[in-house]
Amino acid sequence: MISVVGYGSLLSEQSARETVPALQNFRIVRVPGYRRIFNKVGIIFLSRHGADPASLELASCSTLPDPHSEIICSQFECTEADFRMLYEREHRFEWVDVETIESTGLISSGRVCTTSTDDYYRHRKCQSAQEYHERVGQHYPGKIWRSDILPFPRYLAFCLQAAQGQGREVLNNFLDSSYIADGQTTIRKYIASHPQLQNWQSVDCGYSYHSR
């Protein structure tokens, strides 16, 4: 069995089960030494959800090492076959092993998606220019990993609703340990300065987002 750590849409067990229906032992854990960051262009927003490639509101959520931060995440186990489906869902990320701390104090580890680079993805994850075109290029011509983009609004609402569903502490952690792509502005501050986002609790996302 492979242990997986989720920090965005995978905070929702329902969302996790859409890709990994047979997952086991879904639980909430702490992951020290990481922050969330909305710094990856969500290709699915362009290919399925009508995002404008010229807009800055294209970002999905990733992670970055940060010794001064701790994120509250989900963790669950799945078979290698099921993990391959999740790996495909999150193809543009790198995967790393992280330490997790359960509510009982038990320390274990799991695999989590984290920030990559365009060069690594184009030349190491994709086996050919044709594969890159099929996965990315036909939908979006620019860089995947950027420092100037903003969260895709409905995806952000989906993540916030998933965090809220796990309790106030998890929601507060999401708001304060997550940043827009500039790496300086927390999601709490970002929402506070964008009134149109402050009704996120009532947004009917209407579908799931296969992007962490």
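Values in this text are rule-based calculations from the coordinates and carry no lab data. The structure presented is a predicted model; accordingly, all values stated were derived computationally and were not measured. Don't worry about glycine lacking a Cβ; one is built from the backbone with ideal geometry, like all the others, and counts go over all protein chains shown.
Can you give the charge dipole size of the chain about its Cα centre, rounded to the nearest 20 debye, using +1 on the beta carbon of Lys and Arg and -1 on the beta carbon of Asp and Glu?
Taking the Cα centre of the chain as origin, the dipole is about 240 debye.
If you take the square roots of the eigenvalues of the alpha-carbon gyration tensor of region 2-192 and sort them as a ≥ b ≥ c, do you get rounded (a/c under 1.5), prolate (a/b over b/c) or oblate?
Because a/c hits 1.5 or more and a/b fails to exceed b/c, region 2-192 counts as oblate.
Below 8 Å, C-alpha to C-alpha, sequence gap of six or more: please give me the relative contact order for the chain in percent.
It comes to 30 percent, rounded to a whole number.
Rank these for me by crowding, 28, 144, 37, going from fewest to most other beta carbons within 10 Å.
Numbers: 28 16, 144 20, 37 23.
Lowest to highest Cβ neighbour count: 28, 144, 37.
Once every DSSP H run of n ≥ 4 in the chain is given -39500 (n - 2.57) and the sum is divided by its residues, what mean residue ellipticity at 222 nm do you get, rounded to the nearest 500 deg cm²/dmol?
Mean residue ellipticity, 222 nm, calculated: -6500 deg cm²/dmol.
If you build a Gaussian network model of the chain, linking Cα atoms that sit under 10 Å apart, which residue out of 39, 172, 25 swings the most?
25
When a/c is below 1.5 the answer is rounded, else prolate if a/b is larger than b/c, else oblate, so apply that to region 1-44 with a ≥ b ≥ c taken from the square roots of the Cα gyration tensor eigenvalues.
Working: a/c = 2.29, a/b = 1.22, b/c = 1.87.
Since a/c reaches 1.5 but b/c is at least a/b, the shape of region 1-44 is classed as oblate.
Taking the beta-carbon count within 10 Å as an exposure proxy, list 123, 139 from fewest neighbours to most.
123, 139
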